[in-house]
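Just so it is clear, none of the values below were taken in a lab; they were calculated from the coordinates. Quantities reported herein were computed from a predicted structural model and do not represent experimental measurements. Note: ideal-geometry Cβ built from the backbone for every residue, glycine included; neighbour counts use all protein chains shown.
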Amino acid sequence: MNGSLGRAIPRLGVFVTACLLALLALVVVFGQLRFQDGRTYRAEFTSVSGLKSGDFVRIAGVEVGKVTSISITSAVTAIVKFTTDDSVVLTQGSKAVVRYQDLVGGRYLALEEGAGGTAALRPGDTIPLARTAPALDLDSLIGGFRPLFRALDPDQVNTLTGQMIKVFQGQGETLSAVLAQTAALTSTLADRDQLIGEVIKNLSVTLKSVGTQSRELDKAVTSLSDLVAELSNHRTDISKGVANADAAAASLADLLDQTRPSLKETISQTDRTAGIVVADHDYVDNLLNTLPDAYQKLSRLGLYGDYFSFYLCEMVLKLNGKGGQPVYVKVAGQTTGRCTPK
């Protein structure tokens with residue numbers, strides 16, 4: 001059992017070390033930790049919806065810093081404080097734009113070079129509102145259709161589509177039912193002309209924002225397509241990685257199963273030893289205090305060869321008596337010669 005435990009403990013130590021290193025790497029990657037100082041700047045926005053402290057700062061898609069804080073001014077504008085690497089140089093023509101990082105609402109701060117002065121910004125300078133732009137608000141885009149959806153009667157729409165399907169399949173008697181349902185639906189829409197006008201008015205601002213950021217939306221769709229393609233190309237590696245992780249978990253479970261009896265016995269004996277030490281702590285304390293002097297004497301005795309010479313002056317046995325009280329029995333002793341008391 002001791003042999004199997006001795007072989008298992010090094011393997012367990014190696015596995016635990018590898019797991020800790022992998023965990024540290026995951027914390028660094030997903031925690032977005034940075035280990036270098038940089039320069040601090042500020043940017044003023046009319047809206048920073050979705051942006052938060054800790055988000056990335058990027059130039060041409062490359063991470064160069066992070067957002068450190070977001071605050072509100074007295075003019076109801078947002079001040080974004082961010083850091084960049086020392087290698088990044090911002091000028092009076094630099095622009096700051098809030099971009100979509102993913103389809104679940106993540107944002108990042110993009111730095112771009114635009115028309116303007118070429119003088120470099122100093123750390124602590126602010127990029128003004130004229131050179132910043134907020135992200136497209138998809139919630140506003142989708143919410144603009146909400147009044148129209150509320151105006152439509154779902155039963156009418158379902159009846160109309162059902163009648164059209166029957167006609168196309170040759171199951172309808174005439175087109176009169178389809179026309180009747182269409183008339184009812186168009187009448188409902190005609191009565192909601194003011195509501196439709198409100199929808200169009202609500203969407204005009206959003207569509208204008210979409211038009212100004214069409215290039216970014218095209219990049220987002222292209223990036224998503226590239227991501228899906230890369231995942232498809234590496235599906236074999238991903239499946240192998242999952243299989244290897246499963247095999248590693250099985251190996252760890254088998255290792256723990258093999259070492260469980262040995263570990264249990266070790267823990268039991270350790271607990272028993274600790275109980276003995278606590279019960280006789282005075283003796284243990286005295287032993288630990290006198291060990292340095294004893295080892296020093298033993299080292300001097302060992303200088304004469306690979307043997308030690310001892311003189312037995314006294315031998316006392318400590319036994320457990322009734323009630324847990326110790327009983328000391330002297331079995332040998334002399335007080336002459338080298339054992340003469342000083």
Estimated inter-spin distance, Ile70 and Glu112, nm [label 7 Å along Cα→Cβ] | 2.0
Between Cys339 and Lys318, the FRET efficiency computed from the C-beta separation at R0 = 22 Å comes out, to the nearest 0.05, as 0.60
Given a Förster distance of 35 Å, the FRET efficiency implied by the Cβ-Cβ spacing of Leu288 and Leu255, rounded to the nearest 0.05, works out to 0.45
Highest to lowest packing among 264-274, 64-74, 107-117, scored as the average C-beta count within 10 Å = 107-117, 64-74, 264-274
Surrounding net charge for Tyr41, when Lys and Arg each add one and Asp and Glu each subtract one, Cβ distance under 13 Å | +3
R0 = 22 Å: FRET efficiency of Ala119 with Lys52, Cβ-based, nearest 0.05?
-> 0.10
